[in-house]
Structures are given as C-alpha cells and as structure tokens.
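Since the structure comes first, as structure tokens, the remarks are kept for the end.
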Amino acid sequence: MADIITGLLIISASTAFLALLLEIADRFLADYGEKTIRINEEKEFVVKGGSTLLSTLGQNKIFLPSACGGKGTCGLCKVKVPNGGGPVLPTETPHLTVDEMMQHVRISCQLKVKEDLDVEIPEELFAIKEYRVRVERVDLLSPEMKYFHFKILAPEEGLVFKAGQYVQLEVPPSELSKEPQFRAYSIASPPYEHETMGLIITKVPGGVVSTYVHDYLQVGDELIARGPFGEFCLRESEKDMLMIATGSGLAPIRSMLHKIYREGAKRKITLFFGDKKPEDLIYYDELHEFDKTHPSFTYIPTLSRTTEEDTWDGEKGRVTDLIRKYIPDNSGIEVYICGVPAMVQSCNDLLLQKGIPQENICFDKFE
C-alpha cells in the first residue's frame, strides 16, 4: 500500500511539474504575434497574442464581468466566440452547459488569444466604465470586515448604478502579487450617492485583494474600479419582500433598503441576516433603526455559533431555520438572497419546497 501511495504521489508531482513547465513555456517562449479580434462584426482591433481574452479585452477598455479576478472559478466572463479559439478547455467545461458549448460560448479568462477571433459581446457591456477612486475613510465593522468609503475622482459624473450591482476593484502589484489583481465587490452605499462608493470587504485567508485592502490600503490611496456589473437588482413589483443575507452579502441588500425607503415604498419587507457571533452582526444598530422607523420593515438576525459567554437572547441557528420558522407555504413573496453559494442554494431549495416559484427568487452567490 505504501508503494502505491508513493507512486501516486510521484505521478501527481510529475504531472504538476510538467503543467508548470508548459505554462512557463507558453508564457515566455511562445510568440503568437499580432492577432485580430472582431467584436460583433463591427469593431476590430489588433492585439498582441498570448494573453487571455478577458485581459486582452480589458486592455482595450472592454470590461467583462468577473467575480474571481480571472481565476476561472466564477464562470461570469462568458462570451460567444464563433470563430477561432480552438477547442473548449477542461477548465471551462464546469461552467458551460451543452447548449452553451454548441453556441460557441467560452470562458474568456481561460481562452488565450492565439489566433484571430470573432467575439460576440452584449451591447450593454460597452457602457461599463473605468473609475479612479480614492480612499476617504475606513470603518471596522467586525473582526474580519471593513467598510471602505471611496471618493469617485473620475469620470466627473461619478458612479451611476442600480442597487444590488457590483464593481471590480483592482489593486496594484505588491509583495502579494507581481501583477495587478482584481475582485468583485457589491456596492453597499445608496445608489443616489454618485460621487462616493462604499464597499464591504471581508478579509479572506490567502486572498490577494482582500489582504491588500485590509493590510496595505491607506486613506488617500487611489485605486481603479470598473463597473457597474450584475443583474441582482430590485424588480418592479408590489409583492411583499423577504431579504436573506449572511456576512458581507449584506452589502447589496443595504443598498437596496436605502433606495426603497428613500423612495417611500410601503410594501412589507423582512430581512433575515445570519452570522456566527454577536461581534459579526454588521450594521446591527442601523438595521434596528430601520425596524423602529419603518413599520413595514422587520429585521431578524440569527447567530450560529454563540457560547454561554455571549449575551445574546435573539434567534440562534442558520437563516434556513428562520425560513422554516417564519415563512408560510405558498406565501407569494418576492425573495432576494445574497451570500456564499452553499447558503444561497440551501435557501433557494427550501423556498421552492415551500411553494415559492423560482421566478420569485433572485439571488447573488458570493464566490
């Protein structure tokens, strides 16, 4: 048995080493020369081959959505590539359906520009802009979460977005990464504040961008943000609403609530917010104030890891427990869910079991 395990380890190590050599050779030795990219059969530009389609388009001011920073884990940077591009890669298939592959949909952060390409991009993405922003203030919300107040320096009209959308925040090269890195963060500030932008950022172990902004970013520093992206937005409806969030998933929900109550909406809204311990309940006072001042709003927080030392007499458990306790079957409500994929999926499945149709459930999964 020991010999088998040793053999498998050797094979795995050898495979990884060969993959690394191929990547190095592809990056530094292969010269693909100049390639032509045609966009929607209308626009055309010549680029240097060898980089990913996602980064190549970005260099030419065409910004595609991406939550993972081009690491191939979110699957958001899909585009159609009718001609060129070669076969679909194994790193793309987990994010593509059979129909999408038949329609020549590709994951642009995995596809490298090695030949001339025809690319089809939704027209609305050409409206995505690049913003220069400056850190004005940083608030500590919890041991692992901070709220970053940014001033929009350029363009002059500021950031125009819908409550629920996100931006891609880019950080410069540092000792954490030799190249610029970007990640997606939902906008937590109200959508009527165009000259500023607020982001709730959780420090993720090993996360290059979140570590940089938590440990290196200072008041007065300037960064680049691109956006806005996303379709997790309020719908035109008069249905009662259930909002569900955990952790920094509260960010787009907070933006939505500010918009709703500024506009004087009267429909009933319930917010389930879950985290681990009392110190993790971000915006606890603000949400309680909403509860006091708006009779149609109900705020129900819940904690999953309380101890005897915690002075907490509220709900305990997960947000799914709140759904079971408070949401009746076939209630006809409209639901907005934001948080980690496992939580979102669990809530979605439970709501479907309770007879709430899928078209009434809108969600945003944080990768």
**Asked** Looking only at the stretch 117-166, which residues are within 30 Å of V47 (Cβ to Cβ) and β-branched (V, I, T)?
**Response** V119, I121, I128, V133, I152, V160
**Asked** Condition test on V160, is it in contact with a His (Cβ under 9 Å, 6 or more places away or on another chain) and more than 23 Å from I282 (Cβ to Cβ)?
**Response** yes
**Complete:** Screening D240, D291, D285 for residues that are over 26 Å from Q168 (Cβ atoms), in contact with a Phe, Trp or Tyr (Cβ under 6 Å, 6 or more places away or on another chain) and not hydrophobic (A, V, I, L, M, F, W, C) leaves only D291
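Take the conditions crowded, with 20+ Cβ neighbours inside 10 Å, modelled with pLDDT of 90 or more, part of a loop (DSSP other than H, G, I, E, B) and at negative phi and apply them to I337. Does it pass? First the steps, then the outcome.
Working: crowded, with 20+ Cβ neighbours inside 10 Å: yes; modelled with pLDDT of 90 or more: yes; part of a loop (DSSP other than H, G, I, E, B): no; at negative phi: yes.
The answer is no for I337.
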**Request:** Enumerate the pairs (first residue in the stretch 36-54 and on the phi > 0 side of the Ramachandran plot; second residue anywhere and exposed (fewer than 14 other Cβ atoms within 10 Å of the Cβ)) with beta-carbon separation below 7 Å, excluding pairs fewer than 6 apart on the same chain, so at least 6 apart or on different chains.
**Result:** G50/A30
**Message:** Please return the ranges of strands (runs of 3 or more DSSP E) entirely within the stretch 179-264 where 3 or more residues are under 24 Å from Q358 (Cβ atoms).
**Reply:** 241-246
**Message:** When you scan the stretch 89-100, do you find a residue that is touching a Gly at 6+ places or on another chain (Cβ under 8 Å), outside the structural domain of L169 (by TED's automatic domain parsing) and within 23 Å of E130 (Cα to Cα), even just one?
**Reply:** no
**Request:** Would you check if there is a residue in the stretch 269-292 being touching a residue at least 12 places away in the same chain (Cβ under 8 Å), of a type in the set (K, R) and either outside any loop (DSSP other than H, G, I, E, B) or surrounded by fewer than 20 Cβ atoms within 10 Å (Cβ to Cβ) (or both)?
**Result:** yes
**Asked** Do we find that D364 is surrounded by fewer than 19 Cβ atoms within 10 Å (Cβ to Cβ) and either in a loop (DSSP other than H, G, I, E, B) or not β-branched (V, I, T) (or both) in this structure?
**Response** no
**Message:** Step by step: first the residues of the stretch 60-104, then only those that are part of a strand (DSSP E or B) and of a type in the set (K, R), then the one that is nearest to E34 (Cα to Cα). Which residue is that?
**Reply:** K80
**Fill in**
Within the stretch 81-122, restricting to residues that are charged (D, E, K, R) and within 23 Å of R183 (Cα to Cα), the one that is surrounded by the most Cβ atoms within 10 Å (Cβ to Cβ) is R106
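Please find, within the stretch 150-182, the residue that is surrounded by the most Cβ atoms within 10 Å (Cβ to Cβ) out of those that are among the polar types (S, T, N, Q) and within 21 Å of S248 (Cβ to Cβ). Steps first, answer last, please.
Keep residues of the stretch 150-182 that are among the polar types (S, T, N, Q), which gives 165, 168, 174, 177, 181.
Of the ones still in play, those that are also within 21 Å of S248 (Cβ to Cβ) are 165, 168, 181.
Values: Q165: 20, Q168: 25, Q181: 20.
Only one residue tops the list, namely Q168.
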**Asked** Filtering the stretch 56-80 down to residues that are under 18 Å from the mean Cα position of the chain (by Cα) and among the polar types (S, T, N, Q), which residue is surrounded by the most Cβ atoms within 10 Å (Cβ to Cβ)?
**Response** S66
**Asked** Just one of T15, T91 is modelled with pLDDT under 90 and of a type in the set (V, I, T); which is it?
**Response** T15
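The values are calculated or read from the model by the stated rules, or taken from the named source; none is laboratory data. From a predicted model like this one, the values you see are computed outputs, not experimental measurements. With ideal geometry, Cβ positions are generated from the backbone for all residues, glycine too; neighbour counts draw on all protein chains shown.
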